[in-house]
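Below: the structure, in structure tokens.
Values quoted throughout were computed directly from the atomic coordinates according to the rules given, and no laboratory measurement underlies them. Not measured: the values here are computed from a predicted model. Note that each Cβ is placed from the backbone with ideal geometry, even for glycine, and that neighbours are counted across all protein chains shown.
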Amino acid sequence: MLKINMVRAMILVATFSVLQSAMAADSAPLILKVNYQPAACSVNLSNQQADFGDISPQSLSNNATGTPLPPPNPVDISVICSGEVAAAIMFVDHRKNSIAEGLNYIGPQGKLGNLDKQQVFGLGTDSQGTAIGGWVPYLSQIIANGAPTNFGLINHDGQLDATVSQPSGKIMPSHGFTPVNHLAQVQKFTQLNASMYAVSSINPVSKLSLRDEVRIDGNITVQIIYL
């Protein structure tokens, strides 16, 4: 079972400190310390699990490129901010050490092909420690401030990869994404909505130990970073 865990964005507030001098009773310095963000955002998921149901060994292929699975119903992502903000939605993989390489993936709109390992998330391991397969988050309906928008991909360091700008419906965010305008510049938003499919593929059946039950165990955290 692939589990998608939600993390709400922390609200950053201004902090004020008053420090009184011990040197004089009739005067004291006032020091203001402020941590400021132009807006605070929260992220919500319509479902925290993407359930593939039971998969029989007979339905799995022994092809070197594995067996692509039909994606379950999408998970809706909703981000609401108290004001306009430049922010990115990040995906943190908690199974990154269990990624099977060289597999093919089929998304809602067709074949995605053999993806680079850096684009893929792990699905856990079988009883012998072999990677079960891999999956990618596929966003099919992306709307910022009420209108469809292009998106830029976010790299490992949380920085925008300005060379990548993809239209809504064809993005596979390997680490995260942020809305961009037609010049591939970050676009501020107050509300963001997207539908995410868990597009998955299973290792060739000959590589897996099927003596015990094999459970798909993908796990990510969805979080917000401010740009």
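Give me the distance in nm between label points sitting 7 Å out from Cα along the Cα-to-Cβ direction at residue 217 and residue 193, one decimal.
That separation, rounded to one decimal, is 3.6 nm.
At a 10 angstrom cut-off on C-beta neighbours, averaged per residue, how do the peptides 216-224, 40-48 rank from highest to lowest? Provide the component values of the computation, followed by the final result.
Working: 216-224: 19.3, 40-48: 15.6.
Per-residue mean Cβ counts within 10 Å order the peptides as 216-224, 40-48.
With only alpha-carbon pairs counted, each pair once and no self-pairs, how large is the Kirkwood hydrodynamic radius of the range 73-227 in angstroms? Don't skip to the answer; put the middle values down first.
On the way: mean 1/r = 0.0616 Å⁻¹.
So the Kirkwood estimate lands at 16.2 Å.
Give a residue-ordered list of calculated ³J(HN,Hα) values for the range 80-97 (Karplus: 6.51 cos²θ - 1.76 cosθ + 1.60, θ = phi - 60°; whole Hz; x for Gly, Pro).
With coefficients 6.51, -1.76 and 1.60, one gets 10, 10, 6, x, 5, 8, 8, 8, 10, 9, 10, 10, 10, 8, 9, 10, 5, 8 Hz.
If neighbour count is taken as other Cβ atoms inside 10 Å, put 94, 175 in order from fewest to most. Each step should come with its number before you reach the end.
On the way: 94 16, 175 21.
Fewest-to-most Cβ neighbours within 10 Å comes out as 94, 175.
For the range 93-167, what is the charge dipole size about the Cα centre, in debye to the nearest 20, if Lys and Arg each add +1 at the Cβ and Asp and Glu each add -1 at the Cβ?
Working: 4 positive and 6 negative charges, 30 e Å.
Taking the Cα centre of the range 93-167 as origin, the dipole is about 140 debye.
Can you tell me the length gained on complete extension of the stretch residue 181 to residue 104, counting 0.36 nm per residue apart and subtracting the Cα distance? Don't skip to the end; give the middle numbers.
On the way: separation 77, 0.36 × 77 = 27.72 nm, distance 3.11 nm.
Result: 24.6 nm gained on full extension.
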